Amino acid sequence: MTAKNILHMLTPHRHVSPFDVNMAADAGFDVIVPYENVTLDEVGDLVQDAMFSRPPHDGASTAIFFGGDDAVLALDMIDAAKKARVSPFGTHAFADPQGSFTTAAAMVACTEKVLKEKKNQDLKGTRIAVFGATGVVGYCAAVIAALEGAKVTLVGHSGLERVKARADEMKQRFGVDVAAVNGASDAEKADVLAETEVVFAAAKAGVRVLTTALLAGAPKLLAAADVNAVPPSGIEGIDVFDLGKEIAGTETHGIGALGIGALAIGNVKYQTESGLFKRMIASDEVLVLDFRDAFTLARTLVPDL
Ligand SMILES: NC(=O)c1ccc[n+]([C@@H]2O[C@H](COP(=O)([O-])OP(=O)(O)OC[C@H]3O[C@@H](n4cnc5c(N)ncnc54)[C@H](OP(=O)(O)O)[C@@H]3O)[C@@H](O)[C@H]2O)c1
């Protein structure tokens, strides 16, 4: 008899995300079980409990998903799950806290394609400013871009301290050097934009972080991506469906900056998360999937421009 595909969904919060439950069900899991208020030190026992109930060859029919809203905690939970494996037993492990790994992967992948095809520029060496960088999506987009060799600046809106702490954490965990600045006022944002080639806007839903007037004063701007789908948009002048469309008002410096909107990103995000769930169901080997795997897959899913 074929083993059922079982997904154990762990979150440190009171609820697992209904979005992720739906995605997992639509991807084809037979059984989905939520576990709430899970702490890091409980992960090992839960993984072993799931693992030892099935013969080793059915390990690849058992998957553990890590939610929440903290990228570092989710990665720590993945590490704890890996540590709990006892060969030849194992389970899949996949983290996507608040959808952030797949959303950030999609944002960076869409931007990379627009930059390459319309501005003939690689991510490597590109100056990227991340607004909303203390949030989980911004954090993750910053790490993905920095690992690709971009020169990333984390922009805070409540002082330097918190973004600087994030930058230090990225250095320690991923070995990447990213800058940190405060960018709360329009004057501070204009200073950041003076040297910026790409903007990632990942601030709280419904918060406008950049106006067209600010973008028009960004002489080196090539592209801007906005993940906020809740009006008003995070960046004025970018429609949610834009994928490489010129942002009106930025033509002052030749061909204008190109916009990437939240639903263009969301389309790739959706396929990426679904694709990673399906990959676990299809695989005969146990997999460990995080934002790096999400980015690799998202790159293949960005539609033609
Ligand atoms: N398109 C998609 O597929 C998709 C998928 C998932 C999420 N999203 C969107 O991605 C965005 C980020 O999500 P998240 O979970 O990382 O959000 P989050 O936890 O709410 O954090 C967002 C960031 O916004 C900052 N922020 C709050 N108020 C601000 C303001 N007035 N000005 C500038 N920055 C401000 C926060 O800074 P503090 O830490 O200082 O408060 C934090 O850095 C949201 O807009 C969300 O809706 C999109």
message: Suppose R0 equals 41 Å. What FRET efficiency, 1/(1 + (r/R0)^6) with r the Cβ-Cβ distance, do E195 and K278 give to the nearest 0.05?
response: 0.50
message: Give me the extension gain from E117 to R292: residue separation times 0.36 nm, minus the current Cα-Cα distance, reported in nm with one decimal.
response: 60.8 nm
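Among L221, L40, what's the order by accessible area (1.4 angstrom probe), most exposed first? Each step should come with its number before you reach the end.
Numbers: L221 5, L40 70 Å².
Largest accessible area first, the list is L40, L221.
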task: Kindly provide the pair-distance distribution of the chain built from C-alpha pairs, with 10 Å bins from 0 and whole-percent values in order of increasing distance.
output: 7, 29, 32, 20, 10, 3, 0
Packing-based order for 199-205, 27-33, using average beta carbon neighbours within 10 Å, highest first: 199-205, 27-33
task: Report the normalised scattering of the stretch 6-95 as log10 I(q)/I(0) at q = 0.13, 0.17, 0.19 Å⁻¹, calculated by the Debye formula with identical scatterers on the alpha carbons.
output: -0.37, -0.65, -0.81
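Per Stokes-Einstein, at 25 °C and 0.890 mPa s, what whole-number D in µm² s⁻¹ belongs to the stretch 198-252, with the Kirkwood radius over Cα pairs as the hydrodynamic radius?
On the way: Rh = 11.2 Å.
Using the Kirkwood radius from Cα pairs, D works out to 220 µm²/s.
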query: Taking 0.36 nm per residue of separation and subtracting the Cα-Cα distance, what length does fully extending H15 through A3 add?
result: 1.6 nm
Sequence-separation-based contact order of the stretch 100-265, relative, with Cα cut under 8 Å and 6+ spacing, percent: 20
message: I need the Debye-formula profile for the stretch 197-305: one equal scatterer per C-alpha, no solvent, reported as log10 I(q)/I(0) at q = 0.09, 0.16, 0.21 1/Å, two decimals.
response: -0.29, -0.74, -1.05
- line: Residues whose modelled amide H sits under 5 Å from the amide H of G156, counting only those 5 or more places away in sequence or on another chain, are V181, N182, G183
- request: Just give me a number: lysine pairs in the stretch 86-210, eight or more positions apart or cross-chain, with C-alpha atoms less than 21 Å apart.
  value: 14
- prompt: So for the pair E36, K124, with labels modelled 7 Å out along Cα→Cβ, what separation do we get in nm?
  reply: 4.8
query: To the nearest 10 Å², what's T272's accessible area with a 1.4 Å probe?
result: 0
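Mind checking the per residue accessible area of the stretch 1-142 for me, 1.4 Å probe, whole number of Å²?
Heavy-atom accessible area per residue stands at 41 Å².
For the stretch 100-265, take N as its residue count and report Rg(C-alpha) divided by 2.2 N^0.38 Å.
Scaled against compact globular proteins, the figure is 0.91.
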- request: Report the label-to-label distance for D26 and T300 in nanometres (one decimal), using points 7 Å from each Cα along the Cα→Cβ vector.
  value: 2.0
task: Provide Y139, Y270 ordered by accessible surface of protein heavy atoms (probe 1.4 Å), highest first.
output: Y270, Y139
- line: Rounded to the nearest 10 degrees, the helix 291-301 long axis (Cα) sits at an angle to the longest Cα principal axis of the chain of 70
statement: Rounded to the nearest 10 Å², the 1.4 Å probe accessible area of R162 is 130
query: Once label points are set 7 Å from the Cα along Cα→Cβ at both S87 and D168, what is their separation, rounded to one decimal in nm?
result: 3.8
- prompt: What percent does the relative contact order of the chain come to when contacts are Cα pairs within less than 8 Å and at least six residues apart?
  reply: 18
field: Mean separation of Cα contacts under 8 Å, 6 or more apart, over the residue count of the stretch 199-289: relative contact order %
entry: 26
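The values are calculated or read from the model by the stated rules, or taken from the named source; none is laboratory data. What you see is a predicted model, and the numbers here were worked out from it, not measured in a lab. For neighbour counting, all protein chains shown are included, and Cβ atoms are generated from backbone atoms with ideal geometry for every residue, glycine included. Calculation scope for accessible area: heavy atoms of the full protein, side chains included, ligands and nucleic acids excluded. Shrake-Rupley method; radii C 1.70, N 1.55, O 1.52, S 1.80 Å.
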